[in-house]
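Each remark here refers to the structure printed beneath this line.
What follows is calculated from the coordinates using simple rules that are stated; it is not laboratory data. Only a predicted model underlies this, so the values are computations on that prediction, with no experimental measurement involved. Backbone-built Cβ (ideal geometry, glycine too); neighbour counts: all protein chains shown.
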Amino acid sequence: MDTLRLDLAPKEPEPRDEPSPTGVVAVERGSARATLLVPEALDPTRRYPLVTVLHGAGRQDELLARAFQGEPDRRQALFLVPRSARPTWDLVAGGGRPDLDFLAWAYDLIYRRYPIDFGRQALLGYSDGASYALSVGLSNPRIFRAVMGWAAGFAAIDDANLAPDDPKPPILLEYGTHDELFPFERIALPMRAELERLGYRVEFRVDEGGRHWPSGTFHHEALDWFFSEPWEPRV
C-alpha cells in the first residue's frame, strides 16, 4: 500500500426530502459493506461524534454490530462497523487499499447525510483491527481524535503523510497477560514503549490472565474513556 492517507473534508448534511435513516443502517458499495448505528432520534441543532469499530481477522463485523447496538442512544454518537474485503484488513492482507478506499467513501456519505462532529471522530479496533486502527488513525491525526485498541500487533504509521504541527491523538490500549498470539512481554510492553517514545499519550490497561479474546468490559471502558475526555475544539 502506497499511502494510508484519507482525503476527507468536513461537509454540511445535504438537504433531503426525507430524513436520513436512524437505528441500524446498511452502508454498501458493490461488494463492500458496513453497518452504521445511529441514535433513534437526531437533534438537527447538534453535532454527533463518529466512532469506527474495526473487527479482527475473520470478519466478526456482525457480532460487533450487535454488541454496539445500544451505544448510539447511550453515547449520543454514531458508530460505523465496516467489513474488510478479505478475511483481514488490506494493510495486513496486501493487494491495494480496498478497505481504506471504502472507508473514505463511507465517511463522505455519512458526512453528507448526518450532522457529524468532525472534532470527535475515533477508531476502535480488535487484534488486526486494532493494528489497523493505530496505523490509519495515527497516519491521519487531523481526522481521528483518538484511537482505542485491544491487542494491537503493530502500528505502521505513514510518516510521509504527517506534518510537524500535526496533533498526536491519545491512545487507549488493552492486552491480556496470557495472550497466546501476541505475548504480553514481546508485543504489548514494547508497543507501549515505542508509542510513548514517539510522543503519544498512551492509556495502557492490562487484562490479568486474559488471552486472545477481549475482556467483557473492554469496549464499555474504552468508550467511557473516549467520551469522558474534555476534547478541546480544533482550529
Roughly how big is the chain's charge dipole about its Cα centre, with Cβ charges of +1 (Lys, Arg) and -1 (Asp, Glu), in debye to the nearest 20? 220
Residue-ordered couplings for segment 22-32, obtained by feeding phi - 60° into the Karplus form 6.51 cos²θ - 1.76 cosθ + 1.60 and rounding to whole Hz (Gly and Pro as x), are 10, x, 9, 10, 7, 10, 9, 9, x, 7, 7
Cβ crowding within 10 Å averaged over residues, with 132-141, 206-215 ranked highest first: 132-141, 206-215
For segment 43-53, take each phi angle, set θ = phi - 60°, evaluate the Karplus expression 6.51 cos²θ - 1.76 cosθ + 1.60, and give the result in whole Hz per residue in order, putting x for glycine and proline. 8, x, 8, 10, 10, 10, x, 10, 10, 9, 10
Net charge within 11 Å of ASP179 by Cβ-Cβ distance, Lys/Arg positive one each and Asp/Glu negative one each, not counting ASP179 itself? -2
Given the options VAL53, VAL202, VAL81, which has the most mean-square fluctuation in a GNM of the chain, springs set between C-alpha atoms less than 10 angstrom apart? VAL202
Non-local residues with an amide H under 5 Å from the amide H of MET148, with H modelled 1.01 Å from N and Pro and chain starts lacking one, are LEU123, LEU124, GLY125, LEU172
Apply the Karplus parameterisation 6.51 cos²θ - 1.76 cosθ + 1.60, with θ equal to phi minus 60°, to every residue of segment 133-145 and state each ³J(HN,Hα) to the nearest whole Hz, in sequence, with x for glycine and proline. 4, 4, 5, 6, x, 6, 7, 10, x, 8, 9, 9, 7
Helix-only mean residue ellipticity at 222 nm for the chain, each DSSP H run of n ≥ 4 adding -39500 (n - 2.57), per residue, nearest 500: -7500 deg cm²/dmol
Select from PRO183, GLY30, ILE143 the residue farthest towards the positive end of the dipole of segment 23-228; place +1 on Cβ of Lys and Arg, -1 on Cβ of Asp and Glu, and compute about the Cα centre. GLY30
